Amino acid sequence: MSAATVARPAPFAVSWWARLGYLLAVLYCLYALSILDISWERLLAGLDNGSRFLGAMFPPEFKRWKLLIDNLLESLQIALISSLFGVLISLPVGLCASRNLMPDWLTWPARAFIAVCRSFHPVIFAILFVKAVGFGPLAGILTLIFASIGFVAKLFAEAIEEISLKPVEAARAAGAPFLSVLTFAVLPQVLNRFIGFSTYQVDSNLRNSTMIGIVGAGGIGGTLAAAFQRFDYSFVCAILLAIIALIMVSEYVAVRVKGVFQ
Amino acid sequence: MSADRIWQRFTPAERMARFVVFLVAAILLAWSFRTVEIIPEFLMDAPEQVADLFARMWPVDYAYYERGVHAVLIETLHIATLGTIMTLGIAIPVGIMAASNVCRVPALNWLATFILVSSRSVNTLVWALLFVAVFGPGTLAGTVTIAVRSIGFVGKLFGEALEESAPGPIEALRAAGAPWISVFLKGYWPQVSPAFWGIALFRWDINVRESSVIGLVGAGGIGMALDEALNLFHWDRVALILVCIFAVVVIAEVFVTHIRKRII
């Protein structure tokens with residue numbers, strides 16, 4: 001048998017399905033662009049506005065730095081408190097949602113609750129809580145608690161579902177009560193990942209807490225929205241720079257904290 | 001001698017570091033609880049107010065769907081999809097610039113990192129405020145917002161996928177004298193394309209959620225209807241819009257999980 005007769009598949013086979021997909025995507029784009037009423041004049045006007053906007057933003061104005069710092073600290077406080085409660089509530093909720101440890105009648109409601117927390121954007125929760133408990137940091141804290149549950153409880157449940165069941169069986173065989181099974185067989189296996197989720201959530205809550213103020217739920221977002229409405233763009237620029245700086249610092253801290261726990 | 005040795009899991013320095021982290025966290029929390037301005041009456045009042053809110057939301061005004069929600073719901077999906085497609089077009093070059101094994105110019109790496117970080121640090125709503133100021137209220141501002149906000153996410157993950165690709169096929173192509181574009185299309189792309197489509201789908205799923213709120217600051221989509229219903233205190237319509245957002249988000253998530261299973 002000579003080598004020439006061996007039929008080899010082409011190394012880069014043409015996939016007609018993929019080409020059809022690309023064609024559909026292009027057609028969709030053309031259709032969607034036609035809906036958007038994009039016109040040349042509008043784009044030019046936008047660029048013109050944009051350049052004026054940037055001109056008004058620079059240089060950033062830090063005269064009201066006290067207000068800025070106060071609001072940033074409020075955002076930080078909202079993020080910390082909501083992370084604490086969010087993570088504390090996520091522990092039992094995530095546990096209830098894990099299919100390998102809990103019966104079906106408990107996992108379904110827990111999963112539904114997590115799904116509701118996840119599917120609404122924090123801003124929507126913020127609006128509802130502002131209407132319910134009034135303006136201020138309390139609404140922000142409640143909002144971010146729900147946002148944290150949606151994220152941490154889901155990942156925590158998945159982490160529990162991935163554990164090895166051997167220590168659990170050993171503890172049960174030795175007659176350990178349920179709480180001891182949890183603390184000695186389940187928690188040690190997921191603790192490291194849980195700390196990872198928690199630090200990530202603090203970071204994420206900090207990002208969100210700078211924004212929910214736009215709808216009145218406390219923190220620096222309120223100042224930002226107010227500055228926008230007064231066309232005080234140089235102060236807007238200062239706030240944005242401060243937020244970016246805060247987030248960069250928090251990312252650095254999160255990396256260091258994770259390093260400590262590895 | 002060795003019998004009274006005490007086995008410990010962590011070195012003293014490690015235990016110290018952990019202790020410091022916990023201590024700092026506790027101090028920060030205590031400080032937050034003391035300084036944050038929570039009005040206790042509002043907190044006591046909250047369950048009653050929430051019950052009142054739900055009472056006003058019920059029954060849901062389903063009749064409003066045809067008139068006021070359907071069109072903006074579809075618009076939201078268009079914003080999310082078109083924004084994601086625009087992002088892919090920008091994020092591919094930026095991701096390539098960010099991957100230090102593909103693009104070997106440190107200055108370009110830095111530029112790409114800067115673009116990615118600034119796109120992610122500024123929240124969607126803030127981007128929406130900026131683009132509404134630039135383009136005026138409407139769908140265009142929303143689409144650009146979604147596109148700009150997603151660049152950071154897609155570009156970062158795509159760059160990381162590129163950095164993890166195996167060097168073997170690339171070296172083979174280079175040794176055979178392939179031009180740069182062929183090295184990319186036949187060496188890197190087949191290795192990263194499953195990851196790339198996974199990232200794109202995941203981001204589309206996130207964008208469906210995000211595009212439902214950018215309307216609150218005037219950037220199109222169902223958020224505008226939500227804002228209007230809230231301002232007019234039509235709570236039964238608010239409930240309808242929330243139900244619609246929930247349904248669309250759940251359907252999008254199921255759809256994305258299904259497709260992801262097939263491509264990965």
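The values are calculated or read from the model by the stated rules, or taken from the named source; none is laboratory data. The shown structure was predicted, so the numbers you read here are calculated from the model rather than taken from an experiment. Positions of Cβ are backbone-derived with ideal geometry, glycine not excepted, and every protein chain shown enters the neighbour counts. Side chains are part of the model used for accessible areas, which takes the heavy atoms of the whole protein and leaves out ligands, DNA and RNA. Shrake-Rupley method; radii C 1.70, N 1.55, O 1.52, S 1.80 Å.
Just a few scattered comments:
- Region B:59-261, accessible surface, carbon-and-sulfur percent (1.4 angstrom probe): 71 percent
- Annotation for the A:B interface, with buried accessible surface near 5400 Å², both sides summed [1.4 Å probe; non-protein components not counted].
- Mean-position separation - Cα centroids, region A:152-204 and region B:196-264, in angstrom: 32 Å
- Charging the Cβ of each Asp and Glu at -1 and of each Lys and Arg at +1, and nothing else, the dipole of region B:59-261 about its Cα centre rounds to 580 debye.
- Cα gyration tensor shape for region B:46-146, rounded if a/c is under 1.5, else prolate or oblate: prolate
- Dividing the mean sequence gap of close Cα pairs (under 8 Å, 6+ apart) by how many residues region B:59-261 holds gives a relative contact order of 31 percent.
- Fully extending the segment from A:ASP48 to A:PHE184 would add 42.6 nm, taking 0.36 nm per residue of separation and subtracting the current Cα-Cα distance.
- Applying a DSSP loop filter and a limit of 12 other Cβ atoms within 10 Å to the chymotrypsin sites (Phe, Trp or Tyr not before Pro) in region A:180-260 leaves A:PHE231.
- Most positive-pole-ward Cα, B:VAL213, B:VAL117, B:ALA13, against dipole of chain B from beta carbon charges: B:ALA13
- Helical mean residue ellipticity (222 nm; -39500 (n - 2.57) per DSSP H run of 4+; nearest 500) of chain A: -24500 deg cm²/dmol
- Residues along region A:198-234 losing 30 Å² or more of accessible surface when the other protein chains are present rather than the chain by itself (probe 1.4 Å): A:ARG207, A:MET211, A:ILE214, A:PHE228
- Note, ³J(HN,Hα) from phi for region A:44-54, Karplus 6.51, -1.76, 1.60, rounded to Hz, x at Gly and Pro: 5, 4, x, 5, 4, 4, x, 5, 5, 4, 5
- Loop-resident GluC sites (Glu not before Pro) (DSSP state other than H, G, I, E or B) in region A:153-262 with no more than 14 further Cβ atoms inside 10 Å of their Cβ: A:GLU162.
- Taken per residue, the accessible surface of the protein assembly as shown reaches 53 Å², heavy atoms only and a 1.4 Å probe.
- Calculated over chain A: convex hull of Cα atoms, volume per residue (Å³): 289 Å³
- Segments B:160-166, A:240-246 sorted - mean Cβ within 10 Å per residue, highest first: A:240-246, B:160-166
- For the pair region B:20-61 / region A:8-48, the C-alpha centres are spaced 46 Å from each other.
- Membrane-span-like helices in chain B (whole DSSP H runs, Cα extent of at least 24 Å along the helix axis, mean Kyte-Doolittle hydropathy of at least 0.5): B:12-35, B:70-98, B:139-163, B:235-263.
- Chain-alone versus full-assembly comparison, region B:243-261, residues with accessible loss of at least 10 Å² (1.4 Å probe): B:ILE245, B:PHE246, B:VAL249, B:GLU253
- Net charge contributed by nearby residues that have their C-beta within less than 15 Å of B:MET16 (K/R +1, D/E -1): +3
- Positive dipole terminus of region B:59-261, leading residue within B:LEU201, B:VAL132, B:ALA178 (C-beta point charges): B:ALA178
- Prolate/oblate/rounded label for region B:59-261 (Cα gyration tensor, a/c 1.5): prolate
- Per-residue ellipticity at 222 nm computed for chain B from its helices equals -25500 deg cm²/dmol, with DSSP H segments shorter than 4 residues left out and the rest contributing -39,500 (n - 2.57).
- Size descriptor, Kirkwood hydrodynamic radius, that averages inverse alpha-carbon separations across the protein assembly as shown, Å: 25.7 Å
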